[in-house]
Amino acid sequence: MRHLHLGKWNHSLNSSALKSGDEGPQHTLEEFSGADLPLLVTETLTLDGREADVRFNPDGWAWLVCASKLLIWRSLDGRLGKACYELVLPQSEENPSADCVSLSTSQQGVVSCVACSAEGSVRYWPNVAQKGSVGETELNAEDYCVLVISLDASIVSRALAMPQSMLSGIGRRMSSFIFGASQPQPVLTKLHRVLPGEFDEESGAQTFYVLAGSSLQKWTVYSDTEKMVYEVNVEQWLRERLAGDVWAEDASRLTKLQTWLIDLHVSQDGVVVLGAGVNPDVSQQLYYTLGTISTDGASPPRSFLAFSVPKYTSVYQESEQEALLSFRLLCPQPSSAFLHSRHQVLCLSVNGSSQPVDKVEFSTPGDSILGFGVIDKQVIFLSDKFGLVTIRKGGQAQQEEAMGSESFLDTSVRIDTCLVSTGERLLDMTLSDDEMARFKAAFLHAGRGIMTRAQALIQELFPPGLPASKDVDSAMDSLVSQLSQEMVDDFPASDPRWAESVPHDGASSTASLILLHQLEDKLKAHNLFTKFLHSVDLWPRLGSVTVREAPMATRLLLQEHAEKVVAARGLRMQHADYAQLVDSCIEKVLVQRGQTEQPPSGLTHQDIFYREVSRVDDILRLMQVHEEESLFGDLPPTALVELIASVNSILCSMLFEVSQFRQKNGQEFAPEAQVSEPEHLPWTASEGPGGMRGLLSRQHAMTVENALPEAQDSHQRQLLIEQLLQLTDAILDGFRIQLDSVKQSGGQNVRYMELVRQYEGQRSLLLAPFLEMKQHERAASLAEKYCDFATLVQLCEETDDQQRLSRYMEQFGNRGFSDFVFKWYVDEGKRGKLLSCDRLSQMPQLGRFLQTDEHKYMSWLHNIAMGNFLQAHATLFDLAKEEEKIFSKKKTLLSLSKLAALASEDPPDIIANNWEEIQREQTLMLHQEQLPESVIEGLALDVEKFRVFSAEELIELFTGELNVDAMEFDFKKALDLLEFLPKDGRADFDRLLMLIWSRAILRDSWTDLDSTEAETACKRTVFFRTVELAIAEDMDLATRLPNLDRLLSSDELQGLSSNKTFRFFLGTAFEQIQRMMAK
């Protein structure tokens, strides 16, 4: 332990007096170089310093609470002068805490403040510079927490509905913006800390972390709703790790082990939890712990991402428990942590149990820490005697931290030595003719920091001038992949039981005798290996190797090896809880591998199985076989449910560890440049009879079909549902990785689309059970993550939650979600709801969606609802022109179009063109309505359903054989219909004109007319009466009546044109017509 004692402070600190031991302290104590304390603050501290409580926030602002007084000032620099704002706290019977005040700085630099009392009184200042602008409210927060959100000078309270026994009766203490119950409860769950996390600007979601009782909760709060994302039992993790790391025992065997959760801090890796524990059976030494938890995503973490037990202990006495557990945690940087109480600060490393601990004591008479905070990644403390001070890393510690991780050598210096090999063996490997031996030697030299020798061996093996091989399984790729596998499958050379099995040229990656620690050491060594490949410039030259009968990028195989170590670690952490099941399956795995002989002296089946990490997934297949055999056996339903839940727990634990590793370390295995690589199917999604994708799908099905229906109570049911969620997540994540791989590698579009269809089909099947079980929040979390829009819309519809639907439209606006929603309502036959729902109908996206050809028939209703009558008129007219199937529908559309035009307030000239066209269309339809009954009957038409006929078709019907009683009126209508022919169809016009007159002539038998009264007989013909009717109705016969010669040459009259009688009578008729036209 290094102690840093504070000397008398005259605006400077004498750091030369702070050294201790041979190496000296790792930290230095300095005066904080910010703005001086304002006069009002120093006066308050002088008069009432013992009652004051001070905080500093990362924005550089500070606040002090004392009695009813609240002082706010700028602490980072002097740009704002020494301005200090004095405000009045809400009235309270208890001493105020600075934790019950929070400041927020807008983009314009305006500082707002919210303060509250333990009784629930809240006071809000939108601008601390304007004392009079205050908002107040009273909160009644019994048995749940209330989040206070300030919006435009108003206060909105948000109740967080806690799970039973979690935050119910949390107590009267308030932290940050979250406050506990104001009424005392018989049983209290202690609230340790509530901290805000990240804010998602896209969705408007604010994350909060709650450390209470033995658990950590993650909450997401939106402007209109809130939900608990997950809850995990952190204290159980702490017990297991502390028992193993300090006493090398299983926590279940330490019956008197006591543990506590103390504090929480948000870091860039997630959250860091401060804990403590004592084992009275061994000693009264109280150990403190730091555990980092990854909080990315919606899936609950399964264990600590990092865990350390600092080299600092205290003697535990129950009477001193409150003081011993009074430490607060600050983590200004990812690697450093500071624990502080009223009179001391401990300086330590988040990730290093072996690092020394420096101690700063504020123990001179009358001194104590009045305030603290983090500014510019520096810890700030306000001492009662010495004012503002900060603690920095100094000397060698600062240099090592500055070195970063830019080279392999740096990394090897910082990481504990984990490669074991004697100098003599290393020399033999260096001089060997075997390429693998020399490759191993290069790696071992690098691990010892001899990079020159390592680089020389690599250049000898793989000359730098040669281009990267494009062949699968090249010499370099084979060596790299082989060594990677050997490292994860290596033997623990320090374990004497393995002495006969260790290869002569082996370099063990672990010196531990404990299986879990062996796996962690293997992961460290493998990480060292990947950094080595980067440092000697082999990484960008890596190609691909054959894995599971298909090519795979070598870098991804290395990632797979590391993931399997992580999976094995996850299995090991679950082993004790399911010992009988795991041990039984381990024995079956070894039998399946042909390892039927008794293990060497002293070794167990566990030792042999966990040694060969690259095949750790074999056990999962045997577990599922055991399940399937039990399904057809005589196992009682309750025992079968327990078995499936146990396998799920093991499987989910392993997969969760792998998922966390991918998220945190995926970038380490990324290519250094964009290159074309084979399609990547991760081992957790491997296909085929023994593949993980099929295994996970079968496990999903067993959980739904065999476990959930037999679940005995709500707790067991909820456990199975949570496991089902994780199984579904793992399956879909595998698909997503595969799809991204095909897309990035420039794969064939056909292959990509095939995978998309397979993925979407599986996604729908996997999420369906959650909707059937009314597990809407779980279904939503998966559907949001994997963009299953159908599920999102369906659950919004089932819960009638239009607010959520609107939020999704904003969240997935750039992914076409709005159009999907509109189409879903149309396809589901809920068009009325689509148009009547205020939230949907007011959206501009709906208008654009309805303007497409496929949905235009609904857009006019939307236009009318929006008051856009001109657009409704145009749309209705377009629909009418396109309608060809149903006559009555077209007629209605034309009428509605006219009505919309009349309702429009737009100038008449804008709608004039359409108006004329509508009139023309309606006139054409009037002709169709006047078709003779004989024609309708002859066509066997239903008047209510008959289709729309064109002008040419109507001419045919009026003049054709079906109109057996055709008279001059029918032929006149046919002539009128010529006006409706296309303007550019002159040939059709002439042809139809000849057809009409020819058929009018053929309606009479001209050769049978009485020649003695030729003039009278001609006037009685249909042809002549048609001409008379045309003249009577002012038709221009000069353009509508062909001359005699043209008529006689028509195809229709070829049989009569040579008949003299016919020619006589037709000529007579034409002579009379010409006289009539001349009048």
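Determine the distance separating the Cα centre of the range 888-951 from the Cα centre of the range 724-742; give it in Å without decimals. First find each Cα centre; the distance between them is then 56 Å. For residue 193, the amide hydrogen comes within under 5 Å of the amide hydrogens of 211, counting only partners 5 or more places away or on other chains and with H modelled in the peptide plane. Packing, taken as the mean count of other beta carbons within 10 Å per residue, orders the peptides 115-122, 815-822, 737-744 from highest to lowest as 115-122, 815-822, 737-744. Taken over the Cα atoms of the range 265-395, the convex hull encloses 138 Å³ per residue. A simple packing score, the average count of other Cβ atoms within 10 Å per residue, orders the peptides 676-682, 616-622 as 616-622, 676-682, with the highest score first. Summing Lys and Arg as +1 and Asp and Glu as -1 over all other residues whose Cβ lies under 13 Å from the Cβ of residue 272 gives a net charge of 0.
Inter-part distance, the range 806-833 to the range 535-580, computed on C-alpha centroids, equals 41 Å.
Calculate, for residue 667 and residue 489, the FRET efficiency according to 1/(1 + (r/R0)^6) with r their C-beta to C-beta distance and R0 25 Å; round to the nearest 0.05. Don't skip to the end; give the middle numbers.
Numbers: r = 25 Å, r/R0 = 1.02.
So the FRET efficiency works out to roughly 0.45.
Amide hydrogen proximity for residue 306: with H placed 1.01 Å from N in the peptide plane, the residues at 5 or more positions away or on another chain lying under 5 Å are 292.
Filter 531/743; 889/983; 377/522; 359/531; 972/1079 down to the pairs with a C-alpha to C-alpha distance above 23 Å, please. 531/743; 889/983; 377/522; 359/531, as the Cα separations exceed 23 Å there. Model label sites at residue 46 and residue 895, defined 7 Å from Cα along the beta-carbon direction, differ in position by 9.3 nm.
Residues whose amide H falls under 5 Å from that of residue 316, counting only those 5 or more places apart or on a different chain, are 285, 286, with hydrogens built in the peptide plane. Among 329, 238, sorting on how many other beta-carbon atoms sit within 10 Å of each Cβ, with the fewest leading, yields 329, 238. Look at where the Cα atoms of the range 436-500 and of the range 743-797 average out, and the two centres are 42 Å apart.
Given all pairs of different Cα atoms, what value in angstroms does the Kirkwood hydrodynamic radius of the range 307-346 take? This gives a value of 11.5 Å.
What relative contact order, as a whole-number percentage, does the range 951-1078 give when Cα pairs under 8 Å and 6 or more residues apart are counted?
Values: 121 pairs, mean separation 32.9, N = 128.
Averaging sequence separation for qualifying contacts and normalising by length gives 26 percent for the range 951-1078.
Modelled spin-label separation between residue 222 and residue 942, with each label point placed 7 Å from Cα along the Cα-to-Cβ direction: 4.7 nm. Per-residue extension of 0.36 nm, minus the Cα-Cα distance of residue 919 and residue 1046, leaves a gain of 42.3 nm for this segment. Highest average first, the peptides 874-885, 664-675, 712-723 ordered by how many other beta carbon atoms sit within 10 Å of their residues are 874-885, 712-723, 664-675. Between residue 597 and residue 902, the distance separating the two model label sites (each 7 Å from Cα on the Cα→Cβ line) works out to 10.2 nm.
Between residue 773 and residue 236, the C-beta separation translates, for a Förster distance of 22 Å, into a calculated FRET efficiency of about 0.20.
Each 5 Å bin from zero holds the following percent of Cα-Cα pairs in the range 965-1026: 4, 17, 24, 19, 14, 10, 6, 4, 1, 0.
If you average the sequence gap of Cα pairs under 8 Å that are 6 or more apart and divide by the length of the range 710-840, what percent do you get for the contact order?
Numbers: 60 pairs, mean separation 19.0, N = 131.
Reported relative contact order: 15 percent.
The HN-Hα couplings worked out from phi for the range 948-956 by the Karplus form 6.51 cos²θ - 1.76 cosθ + 1.60 (θ = phi - 60°) are 8, 9, 7, 4, 5, 5, 5, 4, 4 Hz, whole numbers, x standing for Gly and Pro.
Values in this text are rule-based calculations from the coordinates and carry no lab data. Predicted model only: the values in this text are computed from it and were never measured. Ideal geometry is used to build each Cβ from the backbone, glycine not excepted, and the neighbour counts take in all protein chains shown.
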